[in-house]
Structure formats: structure tokens, C-alpha cells
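Data first, discussion second: the structure below is written as C-alpha cells.
The values are calculated or read from the model by the stated rules, or taken from the named source; none is laboratory data. Computed from a predicted model, the values in this text were never measured in an experiment. Please note: Cβ atoms are built from the backbone with ideal geometry, for glycine as well, and neighbour counts cover all protein chains shown. These accessible areas exclude ligands, DNA and RNA; they are computed on the full protein's heavy atoms, side chains included. Shrake-Rupley method; radii C 1.70, N 1.55, O 1.52, S 1.80 Å.
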Amino acid sequence: MRQLRPQHPFAEAKLLAPSLRPGLVARPRVQRALDWREGVRLVLVAAPPGYGKTTAVRTWCASREGAVVWVTLDAGDNDPVRLWTYLATAVDRVRGGLGRGALQRLGVAGGPIEDPVIELMNALAAFDSEVTVVLDDFQAVTDRDCLESIDYAIEHLPAKARVIAMTRSDPMLRLAQLRARGELSEVRTSDLAFDADDAYELLVRRGGVELERREVDALCERTEGWPGALSLALLWLRAVDDPHRAVRAFGGDHRFVADYLNSEILGALDDDERLFLLRASVLGQFDAELCDAVFGRDDSVAMLARLEHSNLFVSRFEHGGLFRVHSLFAEFAGFQLAVLRPGMAVDIHRRAARWFHSRGLAVEAVEQAAAAGDHVLVAEILAEHHTHLIRTGAARTFLRWVRTLPDEQLAEHPELATAAASATALVGCGTIEKRRFLETAARARRGRSPRFTPHVDAEMGTVRAFTLDGGVHRAVLEGRRAVEIALASDDELVACLAGYAHALYFAGDPDEAWEAARRVIEHPDAERRPPSHAIARATLALIALESNHLSLARTHAEKARVLTGRIRSSRTWVGAVASAALGAVLATEGKPAEAEREFAHAERLFDDEVPTVHHAWILLLTAGIRCRRGRLDDGAAALAAAREELDALGDCGRLDALAGEVDRQLQQAVSRVADGSILETPSDAEFAVLRLLGSDLSVRGIGSALFISHNTVRTHTRAIYRKLGVNSRPEAVARATALGLLGANAS
């Protein structure tokens, strides 16, 4: 039975394109830059605030007949499931049912994020019209998994669809590759900046300010064409008696902005309207309900309508009741409020945080609490939600906020410190940070903090057991102690047993490890603890291999892979363990190329800034599989790197014996190669095949690459074996490399 994913509150306003104001300057140059071009998949609109990115794209969309999918992103979208749920829902709004398949896949826990993404791409391909997917505020998305999923979507985008991403900074997408293939169109600050003609149109023709052309040119030059500053300059120049003199006083420090906004905009409001506008500016995006709750009033609907009608930097999204304040005005308002009502902005953020928290919007709540600088409130919210965040694959989101807390605050919340250590271990590549979190929790234990509960103590031991940090022997002891604590308190037994089993395996005690891991998978809570369940399954797979139970090993390894996909953790430390186990199964099944790919994936995730047992382990597995594939120089390099880490680590349990075994395999292979010599020089055609024998290509794949039949490949391969005196592809690669016929790396 499939497990349904927990549903999160849905913000409809994120799918609404902003409305266009009348009187905008026509900018055909910018509109042409946004037009469809053959082969372009991604249009990147990148510029600082105030350059009219959203306005330009919204204007272009309004002139098109094709469908437009608009999603405004925020920090909460640093979660692949949440991100693609909004995207799929937005696509479904284009035509009912278009995003249904992707939403159904997203609603069920399990499988990689690529599955719903490709489902959505297929739906767009079947749609009978051009589709433009607009991602506004793209700079808010920084999570690696989210960005990789966007890359994957762009790679599989159908010909009649494309993506427009508006951002303040270049995202970590594969822009270089898209640019090289001609699939990227870029609209930059220089494209969006007003030229002298645009500025003249804005200030003189539409704005009615009596300026000479040279004065407009000078103003445009001093602002470097920044549309936001020129728009504010227009408001200012309309209000002065002598615009010719005023325009010469316009400076780069923008002090005039504050003077104008304070005297002309705020001065035109009554006290209640002025205070409301300043306070609303602090919130960023808001609706009447939030304003009523935070400001303690019941008339925000009417107030927002008045401010919007007055065109006072307040704009409403096209549908729904969500508003925002122009970013430049919001910045000014923050400074102004700090002078007029010191401490009020902090109080607004704090009230908003509690309002969001009461509605289960944890990410939004923490955003507001952090803006208030209220570490106590941030810790309070995270303490309530950290378990759910980690178990549902949002460990990175949790860590992002924990990192904003000072050590003193973490020491007061040892449950957060240990949860952060667990999340860091889960994500991977953060041993030093994990140690810092554990030491913070240990300070609470030494200080006899009442918050240092048995649960916290057991979780600390479990993290050390999982990560083997401090040595394998210590990991076993910590794991056993964690299990004893969990048994006594009936708390988190699944995680403790999984960590203990993992440590026992590396200690070379397969029987005890099997028993502990078996107890995990049979526990009633196992399915609700996918990270721990996945580690237990991977451990069982590794032990089954040692007992020559290959079918059972594959069953456990495949289950571990499914579990990591369930919480989108295939690119985490847990995913690396699952990949290592599956790679070991593939190697035993005689599929060395597939095994090495799994090991390579795990090695990237295990690689850390300090030596670790897991990284040394995967290097040894890699060395062994490269040896079997005939890539002896590469195998020797991996073995040397592993030995270097083993020497630095000390207590590595079974890895010392594994290193010895890999070394023996390597020496035997080298000896076999050295005993042979070339019997006859291969022909040029045979050399072409020989160069590809060390790759992952099949016989048919080699034939396709060389434009010859697979039968011809087999004929050349047999001739190569005869001429080199070998009987297999690995031996051919190894001997050819040793004889100097191939480079050091045959692949």
C-alpha cells in the first residue's frame, strides 16, 4: 500500500501574476529580448531590485496568445516536493487535469523527484499550445536538490515550452552548458536599464516634467538607467518648483528619496494610514487577515483598498487578497519606522511569526522570527517542528535555520543541537559542523540541563553510531548505549537499533548486526522512519552478500533505494549508504560498470573536508571494482587514497582487512598483466574497439559509437584477445594499459 505524503498549507497567491499598472513606458527592445527564439529553453532575467524584471515579463506575457504558468517563489520552496507541487498546480490551472499526473505522484511518498517532473514535462508536450513557465523571485531557491530538479526539467522541456526565470543573482543551474548549446537567452541589467530615450519618455512625455534632453541624459547617466530610481525621481521632480535646478541636485546617495517619501507620500496620509503603511511594509507580502491579526485591528480590507487606490507603492496580485509594497519603499519604511517607533518592526515580525506558527506555516513563521532577530522564538518553532522536517526530507531547510541560532541558544535547546547533528549527518559532508553540534549538546549534559532528556542522550549516541566518527569501537559502544536508553524510555528505538547495526557491521560482527537490523525492519514504526529503515536495509544487504545470499541482498538493497527516494534523500549520506550497498550487489552479480557508477555516486556524497570511515570504505570498494575492470592504475590510486584516510583515522574496524584484500587483488592483477606480452599488434580498426573496451558501453553501444555492426565489434574483440593473450575485457584493458597501448585511464 502506497504511503500518502503529508499535505502542507497551500498559498494560492504564489500562482498569481501581478497586475499591470496603466501608463507604463513601452519598451520594445526589452520585449524583443524576451521573444521566443529557436532552441531556447531558458530565458534568464537577472538584475538587482528596481530594474523592472517582473513588469517587463508580465508585459510580455500579456502580449502573447500562448499559455502562461506563473509561480512566485520564496524561501519555503527550498524543498523539491513543495516546489513541484506549486509548479504542477500552476500547470493544472492552464487546463484542468494537465498537472494531475504529476500531483498524484507528488502526493505519494516514494520515488525520485524526477518522476513527477517528467510526468509534468510529458503533459506540457501533449498540450496543444505554446507554454511559458515563469518563475519569479528565483533567487529564493538555493537548495541543491531543487536546483538539480529544475535543471532536469529544463533538459526535458518539450519544444513548445520554455522557462523564464527572474532573479537578483545567477542561480546555480547548468547555465554554461545551456549557453554553449544555444539554449539560454539572457536579459541582464544592461538590457533592462533605461536608455536616454526611455528616460525621456518616462519623465517628459508621460511624466510631464519640463526637462531638456541634455538634462534627462545627465539624469539617466547618473542613475545608470536604474528604472526604480528614475521613477522615484519623476515623483520628486513633479513636486518641485524648478525641475531644472532640482535635476542637477539629484545625487547617487538617494537622500532625496527619503525626503520625498517622508514629506510628500507620508505627509499626504493621516496618522492611521501612515502608520498602517509603514507597518505593512515590514511584512513583505501580506493580506488583510494577517494585518488585522498583527496590527490588532479589524478594518484592514478597507485600509488596503484605500492605499491601493491612492497608488502609494501598494500593489495587489491579480487574484486573491495578497498585497505587497514596492521594495524601495519597504526599505525606506524600515528605516523610517526605526526612527519613529523604535522596536516596532521587531514586534511586527514577532507577531507575524506567531500568527503563521498558529496556522502550521512553519517556514513562514521562522522567516518572520528570524527577521525579528528573535532567536528564542526561532528555537521554539524549530523545537516543535524539527522531527517532522527531518523525517520528511527537509533536513536542509531545518539546518538553514538552526545555523542562524547562536551557540548559547543551541546549548539551551540540546534537543535542537542533537537534531541538527542528526540532520547534518543525514545530509552528509559536514563532519566538522556535526561535531560542533554534538559538543554543544554535550555542554548541556555537563551542565545538567533539564532539557537534556534521555531522548537527547540516545540521539547523540545514535548519531555517533551511524557516522562512526571517533572510531568503530566507540561507535559500537555509543550505539549499544543508545539502544539501552531507548528500551528503557520506549523512545526512538528504530533509529537507535539502525545505528547500532550499522556500527556492528563495520566492527566485523555480522551476526549481531543482522539481529539488530532485523529488529528495525520488523518494528511497527519502521515505515515511518525511512532514514533509519534505509540504513538497516543497506546493512542487511551487505551482510547477506557475505553469506552468499545474493537474491536476499538485492531485495534489501532495492528496498533501501526506495526508502531514500521516499524522502528525497538519494543525494544525502543515507542515499550514499544505499548506493554503496546496491553497488556491492551489482558487483557480485557481475555488473562492474553499474557497480562503479553507484560507488561514484556514493563517493561524491561521502567526500568530506576531513577523513571519514565511510569515505575510506567507498574508496576501497571503488579500488576493488576498478581492479576487476582492468583499470589497475585507477584502482591503485583509489587504494592509496583510502590508505591515507585509514592511517589518519586509526580505528576503522573491518576496513583494514578489506584494504588488505583489495591490495592482494591489485597485486595479482598486476602480476598477471606483467607476465604477458603483445603477440601481434592490433589493427587500426581493432584499436578503435580496444579504446572503448574500458568504457561502460555494451557491444552494441561500441558498435553505435564506431558506426559498425555489433558482429564486427565481436570479431575485433576476439582478435584483440588473441593478440594480447587475454580472455576478457578487463584483462584486455589492463594489459593494453600496461603495454602502453592505452592511456592511464581507459575510459
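Brief remarks follow.
- Loop chymotrypsin sites (Phe, Trp or Tyr not before Pro), region 126-215 (other Cβ atoms within 10 Å of the site Cβ: 11 or fewer; DSSP): none
- Taking the Cα centre of the chain as reference, the dipole from Cβ charges on Lys and Arg (+1) and Asp and Glu (-1) amounts to some 1660 debye.
- Comparing Cα centroids, region 434-454 and region 375-401 end up 18 angstrom apart.
- Computed E for Asp633/Arg306 - FRET, C-beta separation, R0 56 angstrom, nearest 0.05: 0.15
- Environment charge at Val71 (Cβ cut-off 13 Å; Lys +1, Arg +1, Asp -1, Glu -1): -3
- In nm, spacing of pseudo-spin labels at Asn262 and Leu487 (7 Å Cα→C-beta vector): 7.1
- Charged side chains reduced to their Cβ positions (Lys and Arg at +1, Asp and Glu at -1) give region 422-472 a dipole of some 260 debye around its Cα centre.
- Carbon + sulfur, % of accessible area of the chain - ligands and nucleic acids excluded, 1.4 Å: 50
- Residue-wise HN-Hα couplings along region 352-366, as the Karplus relation 6.51 cos²θ - 1.76 cosθ + 1.60 with θ = phi - 60° gives them from phi, are 4, 4, 5, 5, 4, 4, 5, 9, x, 8, 5, 4, 4, 5, 5 Hz; Gly and Pro carry x.
- Partner lysines for Lys723 [C-alpha distance under 28 Å; skip if fewer than 8 residues away on the same chain]: Lys591
- Residue-span extension gain [Ser63 to Arg93] - 0.36 nm each, minus C-alpha spacing: 8.9 nm
- Span from the region 545-604 Cα centroid across to the region 277-293 one, whole angstrom: 50
- Rounded accessible area per residue of the chain, 1.4 Å, Å²: 43
- Degrees separating the helix 655-675 axis from the principal Cα axis of the chain, which is the longest one: 70
- Dividing the Cα radius of gyration of the chain by 2.2 N^0.38 Å, with N the residue count, gives 1.14.
- 12 Å beta-carbon shell around Phe127, net charge (K/R +1, D/E -1): -1
- Kirkwood-type hydrodynamic radius, region 606-668: 11.3 Å, calculated from all non-identical alpha-carbon pairs.
- Rounded FRET efficiency, nearest 0.05, which uses the C-beta distance separating Val376 from Ser19 and R0 of 35 Å: 0.35
- Summary value for the chain: 8 percent relative contact order, contacts being C-alpha pairs under 8 angstrom separated by 6+ residues.
- Rolling a 1.4 Å probe over the protein chains gives His549 an accessible area of about 100 Å².
- Calculated [θ] (222 nm, deg cm²/dmol) that DSSP helices of n ≥ 4 give over the chain, each run adding -39,500 (n - 2.57): -19500 deg cm²/dmol
- Thr715 sits with roughly 70 Å² accessible to a 1.4 Å probe, with DNA, RNA and ligands left out of the calculation.
- Heavy-atom accessible area order for Arg443, Arg238, Arg518, Arg214, largest first, 1.4 Å probe: Arg214, Arg238, Arg443, Arg518
- Extension gain for Glu224 to Arg722 (0.36 nm times residue separation, less C-alpha to C-alpha distance): 172.0 nm.
- Taking amide H as placed 1.01 Å from N in the peptide plane, Val45 has its amide H under 5 Å from the amide H of Ala165, Met166, Thr167, Val187, each at least 5 places away in sequence or on another chain.
- Reach of Lys14 by Cα under 27 Å, taken over lysines that are not fewer than 8 positions away in the same chain: Lys53, Lys160
- Ligands, DNA and RNA excluded, the heavy atoms of Glu364 present near 40 Å² of accessible surface to a 1.4 Å solvent probe.
- Averaging the sequence gap over all C-alpha pairs within less than 8 Å and six or more residues apart, then dividing by the number of residues, gives region 163-228 a relative contact order of 30 percent.
- In this calculation the C-beta distance from Asp270 to His156 is compared with R0 = 60 Å, giving a FRET efficiency of 0.60.
- Span from the region 463-529 Cα centroid across to the region 141-205 one, whole angstrom: 48
- In the chain, a dipole from Cβ-located charges (positive for Lys and Arg, negative for Asp and Glu) runs towards its positive end, and of Leu232, Phe506, Phe335 it is Phe506 whose Cα lies farthest in that direction.
- Full-extension gain in nm, Asp656 to Val40, via 0.36 nm per residue minus C-alpha separation: 216.5 nm
- A simple spin-label model places the labels of Arg29 and Arg144 4.1 nm from each other, with each point 7 Å out along Cα-to-Cβ.
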